[in-house]
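Asker: My questions all concern the structure below.
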Amino acid sequence: MMQETSTVGPVTAGPWDILSGQSLVALLALVGTKRMDVEALRTRIKLSPFAFGNLLGWLQREYLVDVVSTLDGERVEEKVELTDKGESVLVSILEQTCELPELH
């Protein structure tokens, strides 16, 4: 018995292919403020410190977020900031999944 094999043309990777559900939630949480305290973001997306550390590291390696440290007296404050690439990837995902109104 012969088996027929068919192939579909090349599949181009879209921005959604690189994001997990947790990554998408983290980026969406940053949209309104563009910058959020590291611990506040972790609490908001309800991840353990270990899981959040892994997620944050991955988001940084993909250039979707930056972690910005500032010195406030004796205390170091760390904030997660949505990058231009992160915003662009998020907008692209939203455009692919739903129709967005024109903003201009």
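Asker: Given the condition in contact with a strand residue (DSSP E or B) (Cβ under 6 Å, 6 or more places away or on another chain), of a type in the set (S, T, N, Q) and under 20 Å from T43 (Cβ atoms), answer yes or no: does some residue in the range 54-68 qualify?
Answerer: no
Asker: Being in contact with a helix residue (DSSP H, G or I) (Cβ under 8 Å, 6 or more places away or on another chain), β-branched (V, I, T) and over 16 Å from S20 (Cα atoms) is the requirement here; does V65 meet it?
Answerer: No; evaluated as a whole, the condition is false for this residue.
Asker: Among the residues of the range 65-77, is there at least one that is part of a strand (DSSP E or B) and within 15 Å of L24 (Cα to Cα)?
Answerer: Among the residues of the range 65-77, at least one is part of a strand (DSSP E or B) and within 15 Å of L24 (Cα to Cα), which makes the answer yes.
Asker: Taking the range 21-64, which residues are in contact (Cβ under 8 Å) with a residue 24 or more places away in the chain and not in a helix (DSSP H, G or I)?
Answerer: K34, R35, M36, D37, L47, E62, L64
Yes/no per residue for (1) modelled with pLDDT of 95 or more; (2) in a loop (DSSP other than H, G, I, E, B); (3) in contact with a helix residue (DSSP H, G or I) (Cβ under 6 Å, 6 or more places away or on another chain):
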site: Q3; (1), (2), (3): no, yes, no
site: S6; (1), (2), (3): no, yes, no
site: V80; (1), (2), (3): yes, no, yes
site: E95; (1), (2), (3): no, no, no
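Asker: Have a look at V11, V89, V31, V65 and point out the one that is at pLDDT 85 or above, exposed (fewer than 14 other Cβ atoms within 10 Å of the Cβ) and not aromatic (F, W, Y).
Answerer: Working: V11 fails: at pLDDT 85 or above; V89 fails: exposed (fewer than 14 other Cβ atoms within 10 Å of the Cβ); V65 fails: exposed (fewer than 14 other Cβ atoms within 10 Å of the Cβ).
None of the others qualify; the one that does is V31.
Asker: Go through the range 73-89 residue by residue and tally those that are aliphatic (A, V, I, L, M), in contact (Cβ under 8 Å) with a residue 24 or more places away in the chain and in contact with a strand residue (DSSP E or B) (Cβ under 8 Å, 6 or more places away or on another chain).
Answerer: Of the residues in the range 73-89, 2 are aliphatic (A, V, I, L, M), in contact (Cβ under 8 Å) with a residue 24 or more places away in the chain and in contact with a strand residue (DSSP E or B) (Cβ under 8 Å, 6 or more places away or on another chain).
The values are calculated or read from the model by the stated rules, or taken from the named source; none is laboratory data. As the structure is a computational prediction, the values presented were derived from the model and not from experiment. Every residue, glycine as well, gets a Cβ built from its backbone with ideal geometry; the counts of neighbours run over all protein chains shown.
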